[in-house]
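Chemist: This structure is in structure tokens; I'll ask about it shortly.
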Amino acid sequence: MIKARWYFKKLRLLLLFIILIIFGFAEGNIISNKNEIIVKTSDDFETPICEKDNQCVVGGVCRPDATGKKRCMCSSSCLMTVPVKCVQSNPVSCLTMGENYVSKYNTSLPYCHHNRCVCPPLYDPVPVKSPTPGVPFIPPFKCDKRELQIMLAISPADAVYKGTEATFYCCVNVDPRDFIPEEGVYFVQNGTRRREASTTPYHLFTTTDDSLFTVPTCWALSIANVQLSDSGTYSCLAQPLAANAKSLNETLNFTVKSKPFIFTVRKPKFRQQQLREQRKRRYPKKCKRL
């Protein structure tokens, strides 16, 4: 009887020890899985497969990526870690997309194409370098024309006071040259009134270097002295040159508010006179001696 009790006691301790080991192993796996960074490929983002270079933006090239499938690469998607120009004979002259990009995405390495670095498409929003209220970022740059997207934003906000200034930004996520003409992006107010952009990316492009490294691809409509009649819905429309390319539009509401009236409260004149009389009675002037 004593041996049986001792045997069952030892068995329970052994089972408890096994359970603790299993629980600790499972918990360790959960923690390691939480800390593990999942590296994604172009397939995970359903990046289009290309066949020819003309499916890519200007200066782009269609070549195999890390998955072995052909996808567009271009200069406009290169990060600041990648130089603009490169040496064709040096396969590593374009360096890498940076530690942050490489740790998250397994795509293609930057490639030297006609003495210019081309890179895989971006998947993270691009921060705006010059702080612009209401426009914290622009869409990730893509290299395939079929991935065209637009973003409409209003600075400083979508509701401003009468007499102030407002700017509407319509940004595309691809190099528009040879794809979207300068007049191909415009604004429409309340569905009827067409308003042309004040500035376009074509005003800033250069023929020497790829200016997309420093210039965002945005059309801007600036209103210096907004009035109540400027309120309403604003749509941004982008129409590519190709007949088979899709047109895109984005709409936002814009409100112009009347300036609040500021009242200055002053004491009435009769009240001021009463106060002076009270002071005279309370503090009478001393009589002068003869």
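Chemist: Just one of the numbered conditions (1) farther than 23 Å from Tyr202 by Cβ; (2) free of Cβ contacts under 8 Å to residues at least 40 places away in the same chain is not true of Glu183; which one?
Modeler: With (1) farther than 23 Å from Tyr202 by Cβ; (2) free of Cβ contacts under 8 Å to residues at least 40 places away in the same chain applied to Glu183, the lone miss is (1).
Chemist: Within region 65-76, is there a residue that is more than 23 Å from the chain's Cα centre (by Cα), surrounded by fewer than 11 Cβ atoms within 10 Å (Cβ to Cβ) and modelled with pLDDT of 90 or more? Steps first, please.
Modeler: Step one: filter region 65-76 for residues more than 23 Å from the chain's Cα centre (by Cα), giving 65-71.
Filter once more, keeping what is surrounded by fewer than 11 Cβ atoms within 10 Å (Cβ to Cβ): 68.
Pick out the ones that are also modelled with pLDDT of 90 or more and you get 68.
Yes, because at least one residue in region 65-76 is more than 23 Å from the chain's Cα centre (by Cα), surrounded by fewer than 11 Cβ atoms within 10 Å (Cβ to Cβ) and modelled with pLDDT of 90 or more.
Chemist: State all residues of region 46-75 that are in contact with a strand residue (DSSP E or B) (Cβ under 7 Å, 6 or more places away or on another chain), among the polar types (S, T, N, Q) and more than 15 Å from Cys119 (Cα to Cα); if no residue qualifies, say none.
Modeler: Gln55
Chemist: So which strands (runs of 3 or more DSSP E) are wholly in region 90-206 and hold at least 1 residues that are touching a Ser or Thr at 6+ places or on another chain (Cβ under 8 Å) and of a type in the set (Phe, Trp, Tyr)?
Modeler: 159-161, 166-172, 185-189
Chemist: Out of region 97-140, which residues are modelled with pLDDT of 85 or more, within 13 Å of Met80 (Cα to Cα) and surrounded by 14 or more Cβ atoms within 10 Å (Cβ to Cβ)?
Modeler: Met97, Tyr101, Pro110, Cys117, Val118, Cys119, Leu122
Chemist: I'm trying to understand the selection: among the residues of region 141-171, which are more than 16 Å from Leu252 (Cα to Cα) and either outside the structural domain of Trp219 (by TED's automatic domain parsing) or touching a strand residue (DSSP E or B) at 6+ places or on another chain (Cβ under 6 Å) (or both)?
Modeler: Matches in region 141-171: Cys143, Asp144, Tyr161, Lys162.
Chemist: Among the residues in region 256-267, are any at pLDDT 70 or above, within 25 Å of Leu152 (Cβ to Cβ) and surrounded by 10 or more Cβ atoms within 10 Å (Cβ to Cβ)?
Modeler: Scanning region 256-267 turns up at least one residue that is at pLDDT 70 or above, within 25 Å of Leu152 (Cβ to Cβ) and surrounded by 10 or more Cβ atoms within 10 Å (Cβ to Cβ).
The values are calculated or read from the model by the stated rules, or taken from the named source; none is laboratory data. The structure displayed is predicted, hence computed values, not measured ones. As a convention, Cβ positions derive from the backbone with ideal geometry for all residues, glycine included, and neighbour counts pool all protein chains shown.
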